[in-house]
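**Student:** I'd like to ask some things about the structure below.
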Amino acid sequence: MSGTTYFDWSRHLPPEVPLTRAEHDRLLEILLKFFAAWGLRIVPELFLRDMHRALTAPHNSPPLKSAHYSPMLHNAVLALVTAYTDDPLIKDMRYRRLFARKAKSYIEAECQRPTIPLITALGVLAAFHSAAGEQSLGYLYFGMSISALRRLAMIY
């Protein structure tokens, strides 16, 4: 993900989390190698491509719609995958919840017109809450993902 092009990698992330670019990229690599293909329905190459497009766009431009990336999905996957960092501070549930809370801040806007990244983000939030022992919230977000999927099917 690194390169010479300016890449505002933390544009949509909670600023109070002391996550470095190197750790961000390492965690996304872990997620995309070990979780994305079988459990999260994320196509690594397309997620990274669309993330790069969205985060290199000028700040004043309208948010790019994408079939594989959204700020909500970016935050949701970080809430989940930060459980696998070696940094005890970032692994702390307080910081992981900041990513989940930031992801949830997009729900109302995203649900106005459901997309695949919304459905995936809701599924990731379901996994995050289930892994945290919050089964009721896990079921809630899973149910929301199914509802959004049905709505998406009706639109197209």
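The values are calculated or read from the model by the stated rules, or taken from the named source; none is laboratory data. Since we're looking at a predicted model, the values are computed, not measured. Because the Cβ atoms are built from the backbone with ideal geometry, glycine has one as well, and the counts that use them run over all protein chains shown. Ligands, DNA and RNA are excluded from the accessible area calculation, which covers all protein heavy atoms including side chains. Shrake-Rupley method; radii C 1.70, N 1.55, O 1.52, S 1.80 Å.
**Student:** If H59 meets every condition in (1) touching a residue at least 40 places away in the same chain (Cβ under 8 Å); (2) farther than 20 Å from P15 by Cβ apart from one, which number is that one?
**Tutor:** The single condition H59 does not satisfy is (2).
**Student:** Of the residues in region 64-85, how many are within 18 Å of L122 (Cβ to Cβ) and surrounded by fewer than 15 Cβ atoms within 10 Å (Cβ to Cβ)?
**Tutor:** Step one: list which residues in region 64-85 are within 18 Å of L122 (Cβ to Cβ), which gives 65-81.
Filter again for surrounded by fewer than 15 Cβ atoms within 10 Å (Cβ to Cβ), leaving 65, 67.
Looking only at that region, the number is 2.
**Student:** Right, something else. Considering only region 13-39, state which residues are at pLDDT 95 or above, in a loop (DSSP other than H, G, I, E, B) and buried (at least 16 other Cβ atoms within 10 Å of the Cβ).
**Tutor:** L13, P14, V17, L19
**Student:** Sticking with this structure for a sec: What pairs come up if the first residue lies in region 9-26 and is more than 15 Å from A79 (Cα to Cα), the second is among the polar types (S, T, N, Q) and open to solvent by 60 Å² or more (accessible area, probe 1.4 Å), and their beta carbons are under 8 Å apart, counting only those six or more places apart or on different chains?
**Tutor:** Every condition considered, the pairs that remain are R21/S2.
**Student:** Can you say whether L89 is crowded, with 16+ Cβ neighbours inside 10 Å and in a helix (DSSP H, G or I), as far as the supplied structure shows? Please lay out each step first, then the result.
**Tutor:** Values: crowded, with 16+ Cβ neighbours inside 10 Å: no; in a helix (DSSP H, G or I): yes.
It is false that L89 is crowded, with 16+ Cβ neighbours inside 10 Å and in a helix (DSSP H, G or I).
**Student:** Something else: What are the residues in region 97-156 that are of a type in the set (D, E, K, R), in contact (Cβ under 8 Å) with a residue 40 or more places away in the chain and crowded, with 16+ Cβ neighbours inside 10 Å, if any?
**Tutor:** K102, E110
**Student:** Another question, if that's okay. Would you check if G133 is more than 15 Å from the chain's Cα centre (by Cα) and either modelled with pLDDT of 95 or more or assigned to a helix (DSSP H, G or I) (or both)?
**Tutor:** Working: more than 15 Å from the chain's Cα centre (by Cα): yes; either modelled with pLDDT of 95 or more or assigned to a helix (DSSP H, G or I) (or both): yes.
When the stated conditions are applied, G133 passes them.
**Student:** Is there a residue being crowded, with 21+ Cβ neighbours inside 10 Å and assigned to a loop (DSSP other than H, G, I, E, B) anywhere in region 43-57?
**Tutor:** For region 43-57, residues crowded, with 21+ Cβ neighbours inside 10 Å and assigned to a loop (DSSP other than H, G, I, E, B): absent.
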